[in-house]
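The values are calculated or read from the model by the stated rules, or taken from the named source; none is laboratory data. Keep in mind it's a predicted model, so treat the numbers as computed, not measured. Here the Cβ positions follow ideal geometry from the backbone for every residue, glycine too, while neighbour counts run over all protein chains shown. Areas reflect the complete protein model, heavy atoms only, side chains present, ligands, DNA and RNA absent. Shrake-Rupley method; radii C 1.70, N 1.55, O 1.52, S 1.80 Å.
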Amino acid sequence: MAGPGGRSASAAFREHLRRLGLQDFPCGAVAAGGAPTPAGPSLPARLSPQEPCPEARARPGPEDEESREGRLELLGGQRSPWALPAGCGPEDQRLRQLAVRAPGLVRGSRLFLFFRVLRLVDKGVDEVDEGLLRFQHLEELVLSANRLSAVASANLPATLKVLELCGNAVGDLRDLCARPPPRLQHLGLGYNRLRGASQHGYLTAAFWPNLVSLDLGFNALADLLGLLSELATLPKLRVLVLRGNPLALLPAYRGLVVDGLPGLAALDDAHVGPGEKHRCRGLAGRPELAAGGARVAVGVGEVRGLPRAATPAQPEAAAVPVVTRSYYVTYELAAAEASEDGGGPEVTKTPPCPMEALRDPDGGKAAWDTAEGRAREPAAATEPQAGAVKVFATPGKPWADPLDCGYRREHAAPDLVGLKAFLEAGTVLSVVEEKVLSWPLVTEPDEATIKKGKAQGLQHGAKGTVPGDKQKKKKEKPCELRSDPPIRRTLGTGRVSLEALLATEALVATVCDLGIPTTEEPPQPPSPEEKDRRKGKDRSKKPKEERESEASQKTTASAKGRGRAREAAEPQRGPGGPPGPLTVQFQMQLLRWPAAAGAQQPASGSVARV
């Protein structure tokens, strides 16, 4: 029985026939004088194999040949109101033409004898019922893009040679393998929910002795060696599709499949030739090649469109801080660890503070957990990713336009299932500005130092100055600075699609547009309390007159400070137009075994580089 809101394959077929209008003008028979005859008997509500085949009804008179040809033209005209409905195929057009030439053959059970190919695509089918057994000559059944979670093989015609179930929700092959069609040559199970080693046992010669082509692409199969051991029992298998599964992310994936299934002629829509088979010989005997997970290389190039903050005048050296800005790019990667020889700085997986990137001698930053980091950094909030995701950052560099990051790093991703989910969702790029405010330390001399200075001044005044004596100039000590904690601001965020890495592409290289960079909020000048705190003073001990004087000066200084800060925060604009978009050159590559000769005994850790 079909589930709630769903329908059986027979119900979808009956609705499809109603759209074709086989019993309506211009199809069907026409009475003498050109008038259409009454519609023949409708199809039964339930298609049953035991129902007898009714004979064609007798017609009131001979049909005019000229009228028949005219009705065929009405069916084939592109602008005709009786043209073929949208979503129909060549078989449907031939069926309508048959309804004009021989109306008796499209009534009752004779209709089902016509079909060699039946396509019910995106019809909401969630059940393969016994009504399909009436198609006694059916060779190809396409049920793609429906809602099937299980397929009852007992209801499939034994004459089937092609069964396409792509884009459904099939997660278990038990029902399909109960009574499989013995002549089946192609089985399409791509874009379903197959997972786990328990499904491997249903893909053997015991169920599919004549199978030539098998599509298992874009499922959740992760055990490559276990799957190959079962597929090796299929004697006629020549075409195989496994891309889109977690197991296809392994560096030695293609070599292991080519050597493990020597009869293959095509893998993932790519020809398997004798030269490739020779180069991959012996890899199937090395199970360690299927361990260790995937390897990913990430590169970040030029960043363009960085806003430049102008340096304002500093009338009060003690009140205006020294501002140091640096810029870096962050990216997400699923459950990855940076390799030691990846060409980039080392990554700390568990820093004390998620958003406090730890620097190493090379100037790199640490990775932090995405969920915790996003909770503490609202400006960098993005959509949640499936599985464990970490954030990595390029080394910080001072402003430049363009800013060349020159960054490349290799990562090891042991969790193949998590990596596949991450590639489906894509990675998030962000350009971050890190600003550090350094304040001069102002120290006031104590009372003893002041008395000593006055005494020395009186003594020098009594003696007078001696002409020609050189005054000893004391070297001025450099001003000491105290740095505040870094202030990070996300200038732009964008998502990069990585689904191509699950298909046939091994490299995704793009220029990601992060939009117009955000402007910085004008900072407020420090309050008198903040100044006293930096000087180590206790404001409560000041006289009332001094506190009132400082309060009156606070409003004027604050207005001037906001004006200068607004000018400093104004991004650099091009002549006669607004600022341009913020863009980042980004690439990600799945590292594979080289396809050159000598792959039979690859060196340890040898992988293709970007």
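Note down, for region 204-248, the three equivalent ellipsoid semi-axes (square root of 5 times each alpha carbon gyration tensor eigenvalue), biggest first, whole angstrom.
On the way: eigenvalues 70, 27, 11 Å².
After diagonalising the Cα gyration tensor, the semi-axes are 19, 12, 8 Å.
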Here region 188-201 yields Karplus 3J(HN,Hα) values (6.51, -1.76, 1.60; θ = phi - 60°; whole Hz; Gly and Pro given as x) of x, 10, x, 6, 10, 10, 6, 8, x, 6, 5, 7, 5, x
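What ranking do 511-519, 182-190 get when scored by the average of other Cβ atoms within 10 Å per residue, highest first?
The densest-packed peptide leads the list: 182-190, 511-519.
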Lys and Arg at +1, Asp and Glu at -1: add these up for the other residues within a Cβ distance under 11 Å of Val584 and post the number.
-1
Could you sort out which of Lys390/Lys435; Lys161/Lys420; Lys277/Lys420; Lys397/Lys420; Lys390/Lys420 sit more than 25 Å apart by Cα distance in this structure?
Lys161/Lys420; Lys277/Lys420; Lys397/Lys420
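Could you provide, to the nearest whole Å², the per residue accessible area of region 166-208 with probe 1.4 Å? Can you show the working numbers first?
Working: 1990 Å² over 43 residues.
Averaged over the residues of region 166-208, the accessible area is 46 Å².
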Could you give the length gained by full extension between Glu499 and Cys88, i.e. 0.36 nm per residue of separation minus their alpha carbon distance, to one decimal place?
144.9 nm
With label points built 7 Å along Cα→Cβ from the Cα atoms of Thr324 and Asp122, find their separation and express it in nm.
5.8 nm
Taking 0.36 nm per residue of separation and subtracting the Cα-Cα distance, what length does fully extending Val212 through Arg304 add?
27.9 nm
HN-Hα J couplings of region 296-305 from phi, Karplus 6.51/-1.76/1.60, θ = phi - 60°, integer Hz, Gly and Pro as x?
10, 10, 10, x, 10, x, 7, 10, 10, x
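Ordered by packing density, taken as the mean number of other Cβ atoms within 10 Å over each peptide's residues, highest first, how do 166-172, 116-122 rank? Intermediate results must be reported in sequence, preceding the final value.
On the way: 166-172: 18.4, 116-122: 16.6.
Packing proxy ranking, top to bottom: 166-172, 116-122.
If you stretched the chain out fully between Ala145 and Arg238, how much longer would it get, using 0.36 nm times the residue separation minus the C-alpha to C-alpha distance? Numbers along the way, then the final one.
Details: separation 93, 0.36 × 93 = 33.48 nm, distance 2.54 nm.
Net length gain for the segment: 30.9 nm.
Over all directions, average the projected area of the Cα convex hull of region 146-295 and note it in nm².
Working: hull surface 33.6 nm².
If you wrap the Cα atoms of region 146-295 in a convex hull and average its projections, you get 8.4 nm².
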Farthest toward the dipole's positive end in region 154-283, which of Ser229, Leu283, Gly263, given Cβ charges of +1 (Lys, Arg) and -1 (Asp, Glu) about the Cα centre?
Gly263
How far apart, in nm, are the 7 Å Cα→Cβ label points at Arg281 and Thr519?
7.0 nm
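Sorted by packing (mean other beta-carbon atoms within 10 Å per residue), highest first, where do 222-232, 292-302, 242-252 land?
On the way: 222-232: 18.3, 292-302: 20.8, 242-252: 24.1.
Result, highest mean Cβ count within 10 Å first: 242-252, 292-302, 222-232.
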